[in-house]
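Novice: Just passing along the structure, written as structure tokens.
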Amino acid sequence: MAEPLILWFRRDLRLGDNPVLAAALATGRPVVPVFVLDPETEALGAAAKQRLQMALAAFAAALQGVGSRLILRRGPALEVLERLVEETGAAGVMWSRAYDATSRVRDQVVKAALKARGLLAESHAGFVLHEPWTVETGQGGPYRVFTPYWRAVRALPVAPELPAPVHLPGPERWPDSAALADWNMTCDMQRGAVVLARWQSSGEGAALDRLAGFAEDRMAAYAARRDFVAEDATSGLSEHLTYGEISPRTLWHRGRRAMEEGNPGAETFLKELVWREFAWHLMYHYPELGQDNWKADWNAFPWRGDNADAEKWRRGLTGEPLVDAAMREMFVTGRMHNRARMIAASYLTKHLLTDWRVGLDWFAECLTDWDPAANAMGWQWVAGSGPDASPYFRIFNPATQAEKFDPEGRYRRRWIAEMTRNPGAEALSYFDAVPKSWGMDPAAPYPMPLIDLAAGRERALEALKQGKS
DNA sequence: TTCGACTTCAC
DNA sequence: TGAAGTCGA
């Protein structure tokens, strides 16, 4: 039997349309699928880590369905992979590319070390539609504004999807695997069964079902309804994309097909997919996007660091119902509606003048669809330090937004027990989920607003006038 | 160099 | 309607 290949899975936990999997199969070698819980992955937020565990469980089952296994190992990636190569006599390692700075540094070290030992070390595309360096402006160089990027990407060909293998040849002797349960990936996430029960199911099958349901039932109304925060009008596909349970290519082709069929929501859906793409384009070309102001003239802005108001924001106690509803939804479900994210982020950075990185960190802790690029771009876009062609200081008014996008107050009532006489299960579940130390009580009066909205707006505008160099 | 255009707004 | 910078062809 030929020497096996190690297939290092990371954010591509699927069998269908997986280029590196197809490439490994094409070699004719036995394949040893492995997931490495390395220090970089252990640093994930509580919700993302919990969600990753669910993704891994689903993917391991899917691999068993094609006669294979998922080998689980813990430790620094290079160390683990070198040991596995020795144990299995593998010819080398293949993986799908990642584009954030931490992963790129890690992967370069791994690739160089494996190659130095004469082993095969290959990275493949698959996490984005277009490799970030292949999309350039007319002058050469990365795009910095979404619309021109969209116009460029819209016209580009996208290769067809690859079929999922029906059988994945394995080695004669399988190496040992850790048990997923022993990794305790849920231990940071002590929010009770009520939280878990509400989470979307995980895995490639669930992702494909979700896409089919969306395309069938909701895509047509997507452009018109997606901003209404109380409705289930969004695709809900972000967390599947985050773990690679579905490929962006699959979404792209489904969207294009719908467009050709005249589906009125299809183009908006494709645009949203390309926003994710744009975020990774930016992160690849500006690796510090998650740490530094993208526009350097914001470095002088007098952001407040973490503070007592920010803590109230995290706990959903700002006294702005829409903001609090959003924060509570995220804490309980690991999800937050897209528009609610912008409103909550604007409130923290503008009305509370708090550094966008404080908000970014909390989202990283709480979101099951945590994506470093999308969040870095999104937070900087709201803060004003990021890519945004509009020059004015963007300040959302949470009350105005509530009137527009939650006109009947359904979303606010769903998540804020203090606002209703007979709070529902969602609103009450928040009080079960929060740490006892927060002292939350559904019978307590709803808090007064932290700051008058008009005064907060004026203060932010004043800070902008003074603060930017 | 010029010039049209720029996700999601607030008042 | 404001207030106004720079991206990209």
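The values are calculated or read from the model by the stated rules, or taken from the named source; none is laboratory data. Since the model is a prediction, treat every value here as computed from it, not as a measurement. Counting neighbours? That spans all protein chains shown, and the Cβs are built from the backbone with ideal geometry, glycine included. Ligands, DNA and RNA are excluded from the accessible area calculation, which covers all protein heavy atoms including side chains. Shrake-Rupley method; radii C 1.70, N 1.55, O 1.52, S 1.80 Å.
Novice: Can you pull out the residues in the range A:230-251 that are within 19 Å of the chain's Cα centre (by Cα) and within 16 Å of DNA strand B (Cβ to nearest atom)?
Specialist: Across the range A:230-251, the qualifying residues are A:233, A:234, A:235, A:236, A:237, A:238, A:241, A:248, A:251.
Novice: Could you list, in sequence order, the residues of the range A:306-336 that are within 21 Å of residue A:395 (Cβ to Cβ) and out of contact with any helix residue (DSSP H, G or I) (no Cβ under 7 Å at 6 or more places or on another chain)?
Specialist: A:307, A:309, A:312, A:319, A:324
Novice: Cβ contacts < 9 Å: first residue open to solvent by 60 Å² or more (accessible area, probe 1.4 Å), restricted to the range A:434-461; second residue among the acidic types (Asp, Glu) and part of a loop (DSSP other than H, G, I, E, B), any location; separation 6+ or different chain. Result?
Specialist: A:449/A:320
Novice: Looking at A:69, A:106, A:117 in this structure, which one is modelled with pLDDT of 95 or more and within 23 Å of residue A:375 (Cα to Cα)?
Specialist: Exactly one residue qualifies, and that residue is A:106.
Novice: I'm trying to understand the selection: among the residues of the range A:111-143, which are near DNA strand C (Cβ under 7 Å from one of its atoms) and buried (at least 18 other Cβ atoms within 10 Å of the Cβ)?
Specialist: Answer for the range A:111-143, where residues must be near DNA strand C (Cβ under 7 Å from one of its atoms) and buried (at least 18 other Cβ atoms within 10 Å of the Cβ): just A:143.
Novice: Of the conditions (1) in contact with a Leu (Cβ under 9 Å, 6 or more places away or on another chain); (2) open to solvent by 10 Å² or more (accessible area, probe 1.4 Å); (3) more than 16 Å from DNA strand C (Cβ to nearest atom); (4) at pLDDT below 95, residue A:393 clears all except one; give me its number.
Specialist: For residue A:393, the exception is condition (3).
Novice: Now a separate question. Identify, please: which residue in the range A:137-167 is in a loop (DSSP other than H, G, I, E, B) and within 13 Å of DNA strand B (Cβ to nearest atom) and is, among those, modelled with the lowest pLDDT?
Specialist: Among those residues, the one meeting the criterion is A:139.
Novice: It is to be established whether one or more residues within the range A:368-390 are within 23 Å of residue A:329 (Cβ to Cβ), within 14 Å of DNA strand C (Cβ to nearest atom) and open to solvent by 30 Å² or more (accessible area, probe 1.4 Å).
Specialist: yes
Novice: Which one is nearest to residue A:69 (Cα to Cα) among residues in the range A:34-43 that are outside any loop (DSSP other than H, G, I, E, B) and either open to solvent by 10 Å² or more (accessible area, probe 1.4 Å) or of a type in the set (A, V, I, L, M) (or both)?
Specialist: Checking each candidate, the answer is A:34.
Residue-wise test of (1) in contact with a helix residue (DSSP H, G or I) (Cβ under 8 Å, 6 or more places away or on another chain); (2) surrounded by fewer than 20 Cβ atoms within 10 Å (Cβ to Cβ).
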{"site": "A:5", "(1), (2)": "yes, no"}
{"site": "A:9", "(1), (2)": "yes, no"}
{"site": "A:17", "(1), (2)": "yes, no"}
{"site": "A:21", "(1), (2)": "no, no"}
{"site": "A:24", "(1), (2)": "no, no"}
{"site": "A:28", "(1), (2)": "no, yes"}
{"site": "A:32", "(1), (2)": "yes, no"}
{"site": "A:47", "(1), (2)": "yes, no"}
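Novice: Please identify the pairs in which a residue from the range A:364-384 that is more than 18 Å from residue A:51 (Cα to Cα) has its Cβ atom under 7 Å from the Cβ atom of a residue that is within 11 Å of DNA strand B (Cβ to nearest atom) and among the acidic types (Asp, Glu), counting only partners at least 6 apart or on another chain.
Specialist: From the range A:364-384, the pairs are A:381/A:388.
Novice: If you scan the range A:403-458, which residues turn out to be aliphatic (A, V, I, L, M), touching a Ser or Thr at 6+ places or on another chain (Cβ under 8 Å) and over 17 Å from residue A:337 (Cβ atoms)?
Specialist: A:450
Novice: Pull up the range A:398-418, narrow it to residues that are part of a loop (DSSP other than H, G, I, E, B) and crowded, with 20+ Cβ neighbours inside 10 Å, then point me to the one that is nearest to DNA strand C (Cβ to nearest atom).
Specialist: The qualifying residue nearest to DNA strand C (Cβ to nearest atom) is A:406.
Novice: When you check residue A:85 against the structure, is it crowded, with 19+ Cβ neighbours inside 10 Å, away from DNA strand C (no atom under 16 Å from the Cβ) and over 29 Å from the mean Cα position of the chain (by Cα), yes or no?
Specialist: Considered against the rule, which asks whether it is crowded, with 19+ Cβ neighbours inside 10 Å, away from DNA strand C (no atom under 16 Å from the Cβ) and over 29 Å from the mean Cα position of the chain (by Cα), residue A:85 comes out as yes.
Novice: Hey, another quick one. From the list A:266, A:326, exactly one residue is more than 21 Å from residue A:406 (Cβ to Cβ) and out of contact with any Asp or Glu (no Cβ under 7 Å at 6 or more places or on another chain). Which is it?
Specialist: A:266
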